[in-house]
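To keep things clear, I will list the structure first and then write my remarks on it.
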Amino acid sequence: MPTAMSEQPFRDRNQAGKLLANQLSHYSGQEDVLVLALPRGGVPVAIEVARALGVSMDIFIVRKLGVPGREELAMGAIASGDVRVVNDRVAASLRVDERTIAQVLVREEQELKRREHTYRGDRPAPNIEGRTVILIDDGLATGSTMRAAIIGVRAHHPAKLVVGVPVAASEICTEIGTEVDEVVCLRQPTTLLGIGGWYEDFSQLSDEEVKALLEEFGR
């Protein structure tokens, strides 16, 4: 069963991460635990979780496939390792044809590769096999991005897969809970019109800020 808390908004991603860490405290100090952040917004949340738990942390690149003209609405997502997830229900309801989906895929795959190089550089990807992996983002709207991350991480054979997010629509949180070993959603509104509405400060992060946060955590 997904774990939930009250319905109050968060001050910022850092506070959300600290509150999320409290609900994940049973993983504290375990050497096999690896926190994986979904950039960009998931990085400051994940850093607070990893710091509080005293565990390793890295990134897992996922790109949302936005509906043309309504890019905030995801019709799917891609992730590191050639993972592709398309929400056929969303695409069909908005009459997005296969050619348009293919064009979005090409563009987002280029951006995914760019981000891999920008954030990771020459640093190798972490070993996932046999570890407990906690996937962290700053919130889930349609869940497509997280589903792509779940599929991508599963391909590396983790021993256990956990999802932790500050906010997600109750239906999405329940659905994600059927795909992983454990899910923690601090806020579960019945309707989620936008993740940003659940943060007093939802400032967008630049690539440079993400890179700086990762380098600081590494030190």
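Derivation of every value follows stated rules applied to the coordinates shown; laboratory data play no part. Please read all numbers here as calculations on a predicted model, not as lab measurements. Cβ sites come from the backbone with ideal geometry, for glycine too, and all protein chains shown count toward neighbours.
If both residues of a DSSP beta bridge must be in the chain, then about 30% of such bridges are antiparallel.
Among Q103, Q30, Q188, the largest mean-square fluctuation in a Gaussian network model of the chain (Cα springs under 10 Å) belongs to Q103. Between the alpha-carbon centres of the range 111-143 and the range 156-214 there is a gap of 14 Å. Considering only V167, V96, V133, the Gaussian network model of the chain with Cα springs below 10 Å gives its largest mean-square fluctuation to V96. With a cut-off of 12 Å between beta carbons, the residues surrounding Q15 carry a summed charge of -2, where Lys and Arg count +1 and Asp and Glu -1. Positive contributions from Lys and Arg (+1) and negative ones from Asp and Glu (-1), summed over other residues with Cβ under 12 Å from the Cβ of S80, come out at +1. Shape verdict for the range 156-209, please, from the Cα gyration tensor: rounded (a/c under 1.5), prolate (a/b greater than b/c) or oblate. Oblate. Summarising the overall dimensions of the chain from its C-alpha atoms, the Rg and Dmax are 16.3, 48 angstrom. The local environment of R123, defined by Cβ-Cβ distances under 13 Å, has a net charge of -2 under the rule Lys, Arg +1 and Asp, Glu -1. When the inverse distances between all different Cα atoms of the range 64-119 are averaged and flipped, the Kirkwood radius reads 11.5 angstrom. Diffusion of the range 31-99 by Stokes-Einstein, at 25 °C in a medium of 0.890 mPa s and with Rh set to the Kirkwood radius over alpha-carbon pairs, works out to 177 µm²/s.
If r is the Cβ-Cβ distance from R95 to R154 and R0 is 45 Å, what FRET efficiency results, to the nearest 0.05? Computed FRET efficiency for R95 and R154: 0.90. Once you divide the Cα radius of gyration of the range 22-136 by 2.2 N^0.38 Å, the number left is 1.23.
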